[in-house]
Amino acid sequence: MDAKKSIEALQFFATGLTEGALVHKLQGQIFKSQGFTKLGQKYIDHFNEEMEWVEKFYDRIIDLGGDVKFEGAKSRELCLDPVAYVKADLDIQKAGVDLLYKCIEQLPCDPTTYDIMKAYLADEEEDLYWSQEALELIEKIGVQNWLVKQL
């Protein structure tokens with residue numbers, strides 16, 4: 001097992017996920033303030049779920065004897081348009097899922113980290129499918145009808 005490789009992968013995803021989770025929390029608050037209560041709560045709940053993954057990543061880093069790091073988040077634009085945000089988030093999710101697949105290929109010699117990352121990948125794919133389905137629904141029923149469902 002290459003603990004260093006596992007620690008680097010876990011830290012990379014913990015850093016990126018912390019940043020993404022904070023954006024989801026802020027977007028959720030924005031959408032709730034606009035009256036899109038269901039959509040806002042979905043992203044706030046998503047923040048909580050993502051932070052649970054960050055905790056699992058950090059616990060594994062510690063188990064491997066690594067040092068947990070807080071690496072600052074980059075500045076990101078927030079979005080007032082719910083549909084534009086779902087589209088932008090989908091692009092980020094696609095890139096993240098691709099990175100996870102590549103990462104998992106490098107971890108078979110560390111079955112514990114492999115299992116954690118594999119479970120995280122399944123969760124991220126579920127989120128990706130939600131965004132894809134939301135955009136397909138918008139195509140079918142129109143933006144206004146979809147937004148009404150988010151109240």
- Considering only the range 42-71, how many residues are under 17 Å from the mean Cα position of the chain (by Cα) and not charged (D, E, K, R)? 10
- Across the range 82-114, the tally of residues that are of a type in the set (Phe, Trp, Tyr) and under 30 Å from Ile30 (Cα atoms) stands at 1
- Message: Tell me yes or no: at least one residue of the range 58-67 is in contact with a Leu (Cβ under 7 Å, 6 or more places away or on another chain), modelled with pLDDT of 95 or more and aliphatic (A, V, I, L, M).
- Response: yes
- Task: Kindly list, by first and then second residue, each pair from a residue in the range 54-75 that is of a type outside the set (Phe, Trp, Tyr) to a residue that is not in a helix (DSSP H, G or I), limited to pairs with Cβ atoms under 9 Å and residues at least 6 apart or on different chains.
- Result: Arg60/Gly66; Ile61/Asp67; Ile61/Val68; Ile61/Lys69; Ile62/Val68; Leu64/Met1; Leu64/Asp110
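Let's see how each residue does on (1) of a type in the set (Ser, Thr, Tyr); (2) in contact with a His (Cβ under 7 Å, 6 or more places away or on another chain); (3) surrounded by fewer than 15 Cβ atoms within 10 Å (Cβ to Cβ):
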| position | (1), (2), (3) |
| --- | --- |
| Lys4 | no, no, yes |
| Leu17 | no, no, no |
| Val23 | no, no, no |
| Gly28 | no, no, no |
| Thr37 | yes, no, yes |
- Item | Subset of the range 125-151 [charged (D, E, K, R) and either touching a Phe, Trp or Tyr at 6+ places or on another chain (Cβ under 9 Å) or more than 17 Å from Tyr101 (Cβ to Cβ) (or both)] | Glu133, Glu136, Glu139, Lys140, Lys149
- Task: Within the range 23-37, track down each residue that is within 18 Å of the chain's Cα centre (by Cα) and within 13 Å of Leu151 (Cβ to Cβ).
- Result: Phe31
- Query: What is the number of the single condition among (1) open to solvent by 70 Å² or more (accessible area, probe 1.4 Å); (2) without any contact (Cβ under 8 Å) to a residue 40 or more places away in the chain; (3) over 23 Å from Lys4 (Cβ atoms) that Glu50 does not meet?
  - Reply: (1)
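The values are calculated or read from the model by the stated rules, or taken from the named source; none is laboratory data. Since the model is a prediction, treat every value here as computed from it, not as a measurement. All Cβ positions, glycine included, derive from the backbone under ideal geometry; neighbour counts span all protein chains shown. Heavy atoms of the whole protein, side chains included, go into the accessibility calculation; ligands, DNA and RNA do not. Shrake-Rupley method; radii C 1.70, N 1.55, O 1.52, S 1.80 Å.
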